Amino acid sequence: MASMIPISIAKIHVFPSSMVVSGDTTVLSSFRKLPMVSTNRTTKTTIVNAATSSSTIGQSPLRKEMAGDQKLVAWTSVRQERWEGELVVEGEIPKWLNGTYLRNGPGLWHVGDYDFRHLFDGYATLVRLHFDNGHLIMGHRQIESDAYKAAKKNNKLCYREFSEVPKHGNFLAYIGDLANLFSGASLTDNANTGVAKLADGRVVCLTETIKGSIVIDPNTLDTLEKFEYSDSWGGLIHSAHPIVTDSEFITLLPDLLNPGYTVVRMESGTNERKMIGRVDCRGGPSPGWVHSFPVTEHYVIVPEMPLRYCAQNLLKAEPTPLYKFRWYPESKGFMHVMCKASGKIVASVEVPLFVTFHFINAYEEKDEQGRITGVIADCCEHYADTTILDNLRLQNLRSWSGEDVLPDARVGRFRIPLDGSENGELYAALNPEEHGRGMDMCSINPSFLGKPYRYAYACGAQRPYLIDGKAKNWYDEGAVPSEPFFVARPGATEEDDGVVISMISDKNGEGYALILDGSTFEEIARAKFPYGLPYGLHGCWVPKT
């Protein structure tokens, strides 16, 4: 996730849990890694038909200094507010790939002369890759949240971001801000985390504040309106990553006053969330952070992480190393399994301590008679190391000295028995030596959501350099790839029949769109951007209608 270490994109082979020998800590995949894809090229691509652009956003003195070091382009503010144009493609984009890939993420880390401190603070930059019969049009634009518009108008921070708090001139102003915090008025609506296409066609950008749900036009990237929930659930926060399918939208609402989680469902075409059930926390003074969660065909899996929301840290004017959270190892970690149909808790087990941002997928284990005996949930797990949060400060990301400072991450697998057992398992689903340890930002074929699956695509650190591993890797020295996103070929019958899309910030301060074959993981096309773009987070696919 950072420039301190060589980053690759990996295709990893995830065996079903039944392939694991009891007590074993690793599962080996079934194929050998391809050689690293060479990126030495003699031809240069150029940008044509730059149809729309805007003036450069004002730079602070610090940002101007950093902009001179092109290696840091992934962690510097976007060069201008918007751009659109057709890109020259090197290679060949499959003719079946018709639609739009949208990627969201923080991309503007300064207001006037003030520079933000953390990766997650930046104002949302939405990037669009529109594929049409082998052609590719790229565009990007800032999401016009209230937080972003107020910052532009007043030339200062006006809302509470991930680690940033507006500066107050006196004590009464600070007290007023605290009152607005409890009402949610001072929380940001900066929708800089994800983007999802709902079943009814609306496209919504999201963050962890409920007010930060914003509807955008996927064709123009215009900000259309706030996504207003029409129910009475209230609350201030929700999971940044809902489960979105062709028929429903499922998310978790952490309850900070009566520690627990409400699981809600929203049917297609509505803005009304209806309760599926509630999970009461088993440990700690508050619910654990729930950035994402997995589902299976019949169940919602609710993780209770010992990295928990902390009101004291939230009230502080200056950030702590864990920001709005606190590590409570004595509260232990738990995994809860809720029936989608009834809302009943069918399992609640203690698991080893864990830290994860992103779950990859989950599925149900069955015996020979087809009875469900357990649930498997895979995630990118940081070995219960909370330092990942503070290491994502921009100062760290921009000051690479050759030292590896990010903690390891593995493909962690939870096994949750449904036989009434009190304990579940957490172990490595793959040998970390095979995929490079720093594993995160995963995607899968969405047709396998909640089902047994074989493949995941992720960013991973080349640590150490892989010679004879069991993952297929794409690698470009000095480049920082964003989340690899899988798009299935229409009519495909194989799980990995499709392409993987990623946006790359390279070591020369430039950037390009990368297209890999989902099966062989070989590069099939790339298209150079007019300039390097900041590192982005998560995306979605909007098929051509």
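Considering only residues of the stretch 341-362 that are assigned to a loop (DSSP other than H, G, I, E, B) and in contact with a Gly (Cβ under 6 Å, 6 or more places away or on another chain), which is surrounded by the fewest Cβ atoms within 10 Å (Cβ to Cβ)? Reasoning before the result, please.
Just the residues of the stretch 341-362 that are assigned to a loop (DSSP other than H, G, I, E, B), to begin with: 341-344, 352-355.
Adding the requirement that they be in contact with a Gly (Cβ under 6 Å, 6 or more places away or on another chain) leaves 343, 353-354.
Working: 343: 15, 353: 17, 354: 22.
Residue satisfying both the conditions and the ranking: 343.
Would you confirm whether or not the stretch 237-259 contains a residue that is without any contact (Cβ under 8 Å) to a residue 40 or more places away in the chain, charged (D, E, K, R) and touching a Phe, Trp or Tyr at 6+ places or on another chain (Cβ under 8 Å)? There is at least one residue in the stretch 237-259 that is without any contact (Cβ under 8 Å) to a residue 40 or more places away in the chain, charged (D, E, K, R) and touching a Phe, Trp or Tyr at 6+ places or on another chain (Cβ under 8 Å). If the condition is being at pLDDT 85 or above, among the charged types (D, E, K, R) and within 22 Å of residue 354 (Cβ to Cβ), then the stretch 367-409 contributes 378, 381, 385, 390. Scanning the stretch 519-534 for residues that are in contact (Cβ under 8 Å) with a residue 40 or more places away in the chain, surrounded by fewer than 24 Cβ atoms within 10 Å (Cβ to Cβ) and out of contact with any Ser or Thr (no Cβ under 6 Å at 6 or more places or on another chain) yields 520, 521, 522, 523, 524, 525, 526, 527, 529, 530, 531.
Tell me, yes or no, whether the stretch 299-312 has at least one residue that is of a type in the set (S, T, N, Q) and either at pLDDT 95 or above or open to solvent by less than 10 Å² (accessible area, probe 1.4 Å) (or both). Quick ask: steps written out before the conclusion?
Taking the stretch 299-312 first, the residues of a type in the set (S, T, N, Q) are 312.
Okay, now just the ones that are also either at pLDDT 95 or above or open to solvent by less than 10 Å² (accessible area, probe 1.4 Å) (or both), so none.
Scanning the stretch 299-312, I find no residue that is of a type in the set (S, T, N, Q) and either at pLDDT 95 or above or open to solvent by less than 10 Å² (accessible area, probe 1.4 Å) (or both), so the answer is no.
Can you find a residue that is surrounded by fewer than 24 Cβ atoms within 10 Å (Cβ to Cβ), in contact with a His (Cβ under 8 Å, 6 or more places away or on another chain) and either free of Cβ contacts under 8 Å to residues at least 12 places away in the same chain or more than 27 Å from residue 241 (Cβ to Cβ) (or both) anywhere in the stretch 103-113? Within the stretch 103-113 (the criterion being surrounded by fewer than 24 Cβ atoms within 10 Å (Cβ to Cβ), in contact with a His (Cβ under 8 Å, 6 or more places away or on another chain) and either free of Cβ contacts under 8 Å to residues at least 12 places away in the same chain or more than 27 Å from residue 241 (Cβ to Cβ) (or both)), the answer is no, since none of the residues qualifies.
Here are some residues: 331, 286. Which one is in contact with a Phe, Trp or Tyr (Cβ under 7 Å, 6 or more places away or on another chain), more than 30 Å from residue 199 (Cα to Cα) and free of Cβ contacts under 8 Å to residues at least 60 places away in the same chain?
On the way: 331 fails: in contact with a Phe, Trp or Tyr (Cβ under 7 Å, 6 or more places away or on another chain).
None of the others qualify; the one that does is 286.
Specify which of the listed residues (528, 507) is out of contact with any Cys (no Cβ under 8 Å at 6 or more places or on another chain), at pLDDT 85 or above, closer than 25 Å to residue 105 by Cβ and among the basic types (Lys, Arg).
Working: 507 fails: at pLDDT 85 or above.
From the options 528, 507, the qualifying one is 528.
Only one of the listed residues (330, 365) is farther than 24 Å from residue 209 by Cα, part of a strand (DSSP E or B) and open to solvent by 10 Å² or more (accessible area, probe 1.4 Å). That residue is 365. Within the stretch 391-414, is even one residue touching a Gly at 6+ places or on another chain (Cβ under 8 Å) and open to solvent by 60 Å² or more (accessible area, probe 1.4 Å)? No. Restricting to the stretch 78-110, count the residues that are within 21 Å of residue 203 (Cβ to Cβ) and either polar (S, T, N, Q) or in a strand (DSSP E or B) (or both). Number satisfying all stated conditions: 13. For the stretch 262-283, a residue qualifies if it is without any contact (Cβ under 8 Å) to a residue 60 or more places away in the chain and in contact with a Leu (Cβ under 9 Å, 6 or more places away or on another chain), and the qualifying residues are 262, 264, 266, 273.
Screening residue 313 against (1) under 21 Å from residue 423 (Cα atoms); (2) outside any loop (DSSP other than H, G, I, E, B); (3) touching a Phe, Trp or Tyr at 6+ places or on another chain (Cβ under 7 Å) leaves a single unmet condition, (1). The residues listed here are 480, 487, 542; of these, the one that is crowded, with 22+ Cβ neighbours inside 10 Å and at pLDDT 95 or above is 487.
Just one of (1) in a loop (DSSP other than H, G, I, E, B); (2) open to solvent by 30 Å² or more (accessible area, probe 1.4 Å) fails for residue 323. It is (2).
Name the single residue that is most open to solvent (accessible area, probe 1.4 Å) among those in the stretch 500-518 being over 19 Å from the mean Cα position of the chain (by Cα) and closer than 25 Å to residue 197 by Cβ.
517
Only one entry of 196, 151 meets the criterion of being under 27 Å from residue 530 (Cβ atoms) and modelled with pLDDT of 90 or more, and that entry is 151. Residue under question is residue 265, and the condition is that it be surrounded by 16 or more Cβ atoms within 10 Å (Cβ to Cβ), at pLDDT 95 or above and under 23 Å from the mean Cα position of the chain (by Cα); does it hold? So residue 265 passes the test.
The values are calculated or read from the model by the stated rules, or taken from the named source; none is laboratory data. Quick caveat: nothing in here was measured; it's all calculated off a predicted structure. Cβ coordinates were reconstructed from backbone atoms using ideal geometry, including for glycine residues, and neighbour counts include every protein chain displayed. These area figures cover heavy atoms from the full protein model, side chains too; ligands, DNA and RNA do not enter into them. Shrake-Rupley method; radii C 1.70, N 1.55, O 1.52, S 1.80 Å.
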